[in-house]
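The values are calculated or read from the model by the stated rules, or taken from the named source; none is laboratory data. Since the structure is predicted, the reported quantities are computational estimates derived from the model, not experimental observations. Cβ: placed from backbone, ideal geometry, glycine included. Neighbour counts: every protein chain shown.
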Amino acid sequence: MASLGVGIIGCGGIGKVHILGYKSMSSYYDLGSNRIELVKVCTAHEETARKAQEQHQFKFSCTDYHKLLTAKDIDIIDCTAPNYLHHNIVIDAIEAGKHVYCEKPLAMNAREAEDIVKRASASNVKCQIAFNYRFVPAIMRARQLIGQDRLGKILTFRAAYLHSGYIDPGRPMSWRLRKSQAGGGALFDLGSHVLDLVRYLLGECEAVLANDYTLIKKRPIEKEAKQMEEVDVDDLSILQLRLKNGAIGTVEASRVSTGSIDELKIEIQGDKGAVRFNLMDPNWLYFYDVMNKNESLEGELGFKRIETLQRYPDSDLHACARASVGWLRFHIASQYSFIRAILEDLTPEPSFEDGLAVQRIMEAAYLSSEEKKWIDLTR
């Protein structure tokens with residue numbers, strides 16, 4: 001029996017999601033005689049560290065992540081810390097011989113991401129980035145249809161990830177709104193997911209033309225404070241992408257899309273068919289087949305709704321695959337993929353190389369917005 005000890009660094013909203021993922025995994029996947037143990041949690045402040053330990057039943061808590069790296073009962077470091085801490089934490093964890101599961105984006109810039117990939121490639125540990133939307137059954141089905149040539153030659157695509165959480169100008173500053181701590185804004189936070197899905201479904205990007213906007217330029221330094229601080233990251237980014245397969249499309253990332261809660265949507269058009277997906281309707285993939293006839297009263301032309309629900313190919317314990325799928329379930333599937341790679345000595349996917357590829361596109365997008373021109377990604 002293998003016991004995999006987990007150390008979590010950072011216990012904000014996404015850290016809590018990862019904790020729930022580890023706790024819930026054995027209800028969905030057969031881990032055999034293996035078990036996952038939450039050993040230690042690290043946050044920036046003693047009070048929050050102790051609270052996280054008590055709430056989530058960790059054995060220990062601390063404020064210095066290096067204590068996790070020297071712990072012999074910790075095999076996995078799960079990094080959900082702010083972006084500016086990723087590089088040092090991930091490098092230190094790799095050098096300590098720990099497997100690493102890291103939230104997106106991988107780093108603050110391509111240079112840091114390249115360094116991480118270099119260190120990971122030279123090690124014997126498993127490393128995975130949390131691009132969890134690859135694990136939405138409808139997205140998996142879309143990739144299957146594309147692989148089966150049901151869409152034919154891909155012509156165009158449109159993808160967006162829209163939130164409204166920052167539409168209130170009274171929402172105070174946080175690390176996510178400071179370039180020195182976040183590296184980027186909506187593009188890093190939301191667009192990274194969409195860019196990964198474009199690569200996952202359609203292939204590599206050849207060139208990018210982008211514009212980014214900071215629509216709410218100042219915010220209170222803290223809740224109800226009168227003193228204001230400049231926001232130096234984007235609320236909205238709009239990209240035009242040209243792929244190596246000739247397809248062209250758009251990607252939008254917004255934190256100020258009024259009415260959108262967590263709306264990730266993608267449309268892909270080929271010369272044989274098309275697919276549509278919206279995270280607000282997660283149980284269905286919409287598929288259009290050009291080959292269907294459109295004859296008077298007898299045709300079947302139009303988008304068909306394909307039921308995907310929780311039909312994961314490797315989830316053999318869940319009581320009902322017909323149950324509605326949800327946001328936490330995608331994280332559980334992503335984390336299981338990582339755990340399975342460790343237990344069965346597989347190559348983790350999505351890899352840190354995937355994180356680097358997305359980092360390069362985002363960096364090129366910001367450069368494009370600054371210089372007002374297409375940026376070639378093949379150089």
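Of the listed requirements (1) in contact (Cβ under 8 Å) with a residue 60 or more places away in the chain; (2) not in a loop (DSSP other than H, G, I, E, B), Ile167 misses just one: (2). Listed by first and then second residue, the pairs with beta-carbon distance under 7 Å, at least 6 apart or on different chains, first residue in the range 54-80 and over 21 Å from Ile339 (Cα atoms), second hydroxyl-bearing (Ser, Thr, Tyr) and modelled with pLDDT of 95 or more, are Thr63/Thr43.
Note on the range 336-379: residues that are over 22 Å from Ala186 (Cα atoms) and in a helix (DSSP H, G or I) amount to 9. Taken over the range 148-199, residues that are under 21 Å from Ala274 (Cβ atoms) and either of a type in the set (Ser, Thr, Tyr) or assigned by TED's automatic domain parsing to the domain that holds Asn88 (or both) amount to 2.
Only strands (runs of 3 or more DSSP E) whose full extent lies in the range 185-294 are considered here, and the ones with at least 1 residues that are without any contact (Cβ under 8 Å) to a residue 24 or more places away in the chain and under 24 Å from Gly152 (Cα atoms) are 273-278, 284-289.
The C-beta contact set for the range 144-159 (first residue surrounded by 20 or more Cβ atoms within 10 Å (Cβ to Cβ) and modelled with pLDDT of 95 or more, second residue in a strand (DSSP E or B) and not charged (D, E, K, R), distance under 6 angstrom, 6+ apart or interchain) comprises Leu151/Gly270; Leu151/Gly273; Ile154/Gly270; Phe157/Gly249; Phe157/Ile268; Ala159/Val251; Ala159/Ile266. Out of the residues in the range 16-37 that are surrounded by fewer than 22 Cβ atoms within 10 Å (Cβ to Cβ) and under 22 Å from Pro82 (Cβ atoms), state the one that is nearest to the chain's Cα centre (by Cα). Within the range 16-37, the match that is nearest to the chain's Cα centre (by Cα) is Val17.
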